[in-house]
Amino acid sequence: FILDHYPLSTWNQAMHGSIMIHGHVHGALDDSDLNLYYKRIDVDWGKFQRPVSIDEIIELMKDRKNLEY
């Protein structure tokens, strides 16, 4: 897991299955092409209105492929 307040468009383990967990954008990137191809999730309070568990994040990310360059 990679955690940051801001979403990173790339990170050095993106091709190896890591999941980027971030906030800041209030769900604005959910339907972007980058989020469809990256294992990146916005857990901002404005999106979920509750804490999001690691198990839930893993479940949400399970069908996304690892980024390939």
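The values are calculated or read from the model by the stated rules, or taken from the named source; none is laboratory data. These numbers come from a predicted model, not from an experiment. When we count neighbours, we look across all protein chains shown, and the Cβ atoms used for this are built from the backbone with ideal geometry, even at glycine. Heads up: the accessible areas ignore ligands, DNA and RNA and are worked out on the full protein's heavy atoms, side chains in. Shrake-Rupley method; radii C 1.70, N 1.55, O 1.52, S 1.80 Å.
What to note about this one:
- Burial order of peptide ranges 43-50, 13-20 (average beta-carbon count within 10 Å, highest first): 13-20, 43-50
- Exposure ranking of L3, L8, L60 by accessible area [1.4 Å probe, largest first]: L3, L60, L8
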